[in-house]
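Contents: one structure, followed by commentary.
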Number of protein chains: 2
Amino acid sequence: MSQAAQQTRERVPMNGVDTPTLFATINVVRDQPALAKFQFRATNRWVGGTHSQSRIEKFSGAGGEQSHGQAFHFDADHPKVLVGGDQGPTPVEFLLHALASCLTAGIANVAAARGVKLSEVRSTVEGDIDLRGILGLADDVRNGYEKIRVSFSIKGEAPAEKLLEIAEQSRSRSAVFDVITNNVPVEITVHA
Amino acid sequence: MSQAAQQTRERVPMNGVDTPTLFATINVVRDQPALAKFQFRATNRWVGGTHSQSRIEKFSGAGGEQSHGQAFHFDADHPKVLVGGDQGPTPVEFLLHALASCLTAGIANVAAARGVKLSEVRSTVEGDIDLRGILGLADDVRNGYEKIRVSFSIKGEAPAEKLLEIAEQSRSRSAVFDVITNNVPVEITVHA
């Protein structure tokens, strides 16, 4: 395929992705890097026991304050087997959702950019954790997950090899994959 | 306070935490470390564009298969300014919720264990991210957050110093804080 033909193909909306606008946005950011500086936020309040609720609505980026179309609220809790109230998933389960959804969004975007029509993307994420860490029972056991496994099933109008390449490109540009597999400095301040 | 008096105090339910059962659970796990092996899971399916939905319900641990009292469903999407459909928060915002809720659950548990009655725990989490990473516009910019800041406001029936110690103990035993500030290996397999 000629480069011109490929470029035309890449500008077609696909997989529910508005590919022309996505490419236009990338080009704008290329010219004005400051627009790429984003800050995401969540506020959380303790409800009782191990149950808390977060609110997600505002963020900044693209040169100004932004807002989701609505405020999203999420509960988290510990399960009953860990003496919690089970009013929501555990915090560590939200990490698995974040990872799966980040990789999946990337797969849809990359496939659209490469002109590949997808019909199905499904994944299962498993995280192994030894709770002796957080329970303070073993100093040589870490607090968090020891290992996370993601299993994808991807179907689309392309050879398997191309679908695997799309998944790999998504992984290589995934924000959540980076956060989980590399260190992010976290600063905690407490007002009491 | 004598050790006996302190022990009695520690066994009183507080902050909505069933402290006696929590301590009993920790003692059982101390004697049977295999019970501490947990596996958390999420399944995700692509909806369209950058929108996907995760389901969280089953997990294993405490020697067997476990289940939340209900299946929890969560949507994630990219915001409109990033050419998404805004059908949910972004995946990276769920990381902030996970962090806040993990630290908050720990604060409630630790405070109860130390006999400190809490009246309020609020937090704001901010994550700075330069999207030139995920957009493929700058090789020296990482994909994920560059920095995360958590600001807690804690009120309770204890001197400020004690409340700060409780927050610090929660941080030192937080699973999500560990995942974000240290590496977790992630294995991805793709069936296409």
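Any chance region A:178-187 includes a residue that's over 27 Å from B:R55 (Cβ atoms), at pLDDT 95 or above and assigned to a strand (DSSP E or B)? Within region A:178-187, one or more residues are over 27 Å from B:R55 (Cβ atoms), at pLDDT 95 or above and assigned to a strand (DSSP E or B). Just one residue in the set B:V28, B:V12, B:V81 is of a type in the set (V, I, T) and under 26 Å from A:Q66 (Cβ atoms); that residue is B:V81. One residue stands out in region B:44-55 among those that are surrounded by fewer than 19 Cβ atoms within 10 Å (Cβ to Cβ) and within 19 Å of A:L96 (Cα to Cα): the one that is farthest from the other protein chains (Cβ to nearest Cβ), namely B:R55. Determine whether region A:109-131 contains at least one residue that is out of contact with any helix residue (DSSP H, G or I) (no Cβ under 7 Å at 6 or more places or on another chain) and crowded, with 22+ Cβ neighbours inside 10 Å. For region A:109-131, residues out of contact with any helix residue (DSSP H, G or I) (no Cβ under 7 Å at 6 or more places or on another chain) and crowded, with 22+ Cβ neighbours inside 10 Å: absent.
Among the residues examined, B:G84 does not qualify as assigned to a strand (DSSP E or B), more than 30 Å from B:K37 (Cβ to Cβ) and in contact (Cβ under 8 Å) with a residue 24 or more places away in the chain.
For region B:56-81, the set of residues classified as crowded, with 16+ Cβ neighbours inside 10 Å, part of a strand (DSSP E or B) and not small (G, A, S) consists of B:I56, B:E57, B:F59, B:Q66, B:H68, B:F72, B:F74, B:D75, listed by residue number.
Taking interchain pairs and intrachain pairs at least six residues apart, which have beta carbon atoms under 7 angstrom, with the first residue in region B:146-165 and assigned to a helix (DSSP H, G or I) and the second among the aliphatic types (A, V, I, L, M) and at pLDDT 95 or above? Every condition considered, the pairs that remain are B:A160/A:A192; B:K162/B:V116; B:L163/A:A192; B:L163/B:I154; B:L164/A:V190; B:L164/A:A192.
Can you name the residue in region B:57-81 that is among the hydrophobic types (A, V, I, L, M, F, W, C) and within 7 Å of chain A (Cβ to nearest Cβ) and, of all such residues, is farthest from A:I129 (Cα to Cα)?
Here is the first cut: in region B:57-81, the ones among the hydrophobic types (A, V, I, L, M, F, W, C) are B:59, B:62, B:71-72, B:74, B:76, B:81.
Subset that is within 7 Å of chain A (Cβ to nearest Cβ): B:62, B:72, B:74, B:76, B:81.
Details: B:A62: 12, B:F72: 20, B:F74: 22, B:A76: 24, B:V81: 36 Å.
Within region B:57-81, the match that is farthest from A:I129 (Cα to Cα) is B:V81.
Taking the condition facing chain B (nearest Cβ under 7 Å) and either part of a strand (DSSP E or B) or surrounded by fewer than 22 Cβ atoms within 10 Å (Cβ to Cβ) (or both), does A:I134 pass? I'd like the intermediate steps shown before the answer.
Details: facing chain B (nearest Cβ under 7 Å): yes; either part of a strand (DSSP E or B) or surrounded by fewer than 22 Cβ atoms within 10 Å (Cβ to Cβ) (or both): no.
The answer is no for A:I134.
The values are calculated or read from the model by the stated rules, or taken from the named source; none is laboratory data. Owing to the predicted nature of the structure, the values given are computational and were not obtained by experimental measurement. Backbone-built Cβ (ideal geometry, glycine too); neighbour counts: all protein chains shown.
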